[in-house]
1. Distance cut-off 31 Å, Cα to Cα: go down the list Lys404/Lys444; Lys119/Lys147; Lys101/Lys374 and report the pairs above it.
2. Quick one: if you stick a label point 7 Å off each Cα along the C-beta vector at Thr63 and Lys374, how many nm between them?
3. Please list 3J(HN,Hα) in residue order for region 146-152, calculated via the Karplus relation 6.51 cos²θ - 1.76 cosθ + 1.60 where θ = phi - 60°; whole Hz, with x for glycine and proline.
4. Report the full-extension gain for the segment Ser83 to Glu469: residue separation times 0.36 nm, less the Cα-Cα distance, to one decimal in nm.
5. Excluding Ala439 itself, calculate the net charge of residues whose Cβ lies under 11 Å from the Cβ of Ala439, where each Lys or Arg counts +1 and each Asp or Glu counts -1.
6. Tell me, what % of the accessible area of region 412-505 is carbon and sulfur with a 1.4 angstrom probe?
7. For Asp207 and Lys399, FRET efficiency with R0 = 25 Å and r from the beta-carbon atoms, rounded to 0.05?
8. Give me the Debye-computed log₁₀ of I(q)/I(0) at q = 0.10, 0.25, 0.26 Å⁻¹ for region 412-505, equal point scatterers on Cα only, no solvent, two decimals.
Amino acid sequence: MPLLRLLPRRAWAALLSQLLRPPCASCAGAVRCQSQVAEAVLTSQLKARQEKPNFIIKIPKGTRDLSPQHMVVREKILDLVISCFKRHGAKVMDTPAFELKEILTEKYGEDSGLMYDLKDQGGELLSLRYDLTVPFARYLAMNKVKKMKRYHVGKVWRRESPTIVQGRYREFCQCDFDIAGQFDPMIPDAECLKIMCEILSGLQLGDFLIKVNDRRIVDGVFAACGVPESKFRAICSSIDKLDKMAWKDVRHEMVAKKGLAPEVADRIGDYVQCHGGVSLVEQMFQDPRLSQNKQALEGLGDLKLLFEYLTLFGIAEKISFDLSLARGLDYYTGVIYEAVLLQTPTQAGEEPLNVGSVAAGGRYDGLVGMFDPKGHKVPCVGLSIGVERIFYIVEQRMKTKGEKVRTTETQVFVATPQKNFLQERLKLITELWDAGIKAEMLYKNNPKLLTQLHYCESTGIPLVVIIGEQELKEGVIKIRSVASREEVAIKRENLVAEIQKRLSES
């Protein structure tokens, strides 16, 4: 058994003691069952691990724990993003965290090597999902769905070198919005860009710019410059690195590593340095090379129409036609876009945070057809919000400003100044819970009043209700404002109404 060879010597004694146990009843005294052997091996490995004095408890590279403080910030970001998706009529859905490996392969170009493959479990070769787009396309094809507007929030996994200081991880959350179906050109695409603007404006991250291009224009440029069609995707992957690398380094990669002729690379360089608005689109229509390419002309025509809709949406000034934008994923077929922050909200004198793009997306009209047995296509366009990078920016801003975060939503604390009042506190807190009020109390029979009040101040609970002998005798409850320390006595039967009134006014 190969598994047994993995055991350290010190684990053999523990393993033998496990194996000498009587076989399970289902084996009827015959060959020992595999489950018992596996259990013995795992037990022995755990014992060996526990005996190691230098064992370090840590999380895997490229992952992170999220504390309650982190989760409060993250939930606020996600709430804003999801509320925008819902405002635009999207339904929510989810897919498995892992897919059949064949579903995911050959969809991501050079990045396919970054997928996490799982060990064979019962005859299926599986991989953790790399993004939320390919599983969505698989869902549409499998369920024969022709139209859908959906959003999906979930974790994805990529086996790349993490850059924690830039909010890049191997396990991270994606927030996707997609429109599937056959519609008139550029209307859904324009709405996706509008959604990106609404979300980035709402998050108040600073000024931003959304770069747009079209995969047909990218391919048209390559063809016009003399790139062999067999190298289109490889060269596209190199161009996609221009937001991280200088042009000379990208050019070197294309020539030295991917075998592109230097003069062809130089011609590409003339195009990828162009960026502007609708006037650049018009200029490209007159370009002697691009004007001869049918694909490029189709892409330019759609971009011209897109800018008309973006102007009507009032966001054209946030959009830049950028010929350096390529988006390396293989499944894009039309308009592509990527949002970058022009500056992050740091204090004077500090270096701005470089986190790359914070949202991206595009049109992928052929992906669903790759899964359909008859090749039926469902045109799709969508966007993905870079939650981890946004979270990193917000987190750094809060550190700079020294902002504190409340990790609970408790509205009222039930306290007592005297001993032997646990039963009365339990009755009172039950009354508050049943009325839908968020309430807490200390899990002690006889807590000190000062300890209870300090807890409220440290956790930000706004109100305290106090019950003691005097209050019980008079049929009242004291309400204390933690901020002002003012106390008033309220009749017991009016307590809930008074608390609800105060909470609505705060």
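The values are calculated or read from the model by the stated rules, or taken from the named source; none is laboratory data. It should be emphasised that the depicted structure is a prediction, and the values quoted were computed from it without experimental measurement. In this analysis, Cβ positions are derived from the backbone assuming ideal geometry, glycine residues included, and neighbour counts consider all displayed protein chains. In case anyone asks, the SASA skips ligands and DNA or RNA and just uses the protein heavy atoms, side chains included. Shrake-Rupley method; radii C 1.70, N 1.55, O 1.52, S 1.80 Å.
1. Values: Lys404/Lys444 28 Å; Lys119/Lys147 35 Å; Lys101/Lys374 21 Å.
Long pairs (Cα-Cα over 31 Å): Lys119/Lys147.
2. According to this spin-label approximation, the distance is 4.4 nm.
3. Computed from phi, the couplings for region 146-152 are 9, 9, 6, 10, 9, 10, 8 Hz.
4. So the chain would gain 134.2 nm between Ser83 and Glu469.
5. My count for the surroundings of Ala439 gives -2.
6. About 50 percent, which is the carbon plus sulfur part of the accessible surface.
7. Working: r = 21 Å, r/R0 = 0.85.
The value I calculate is 0.70.
8. -0.22, -1.60, -1.73
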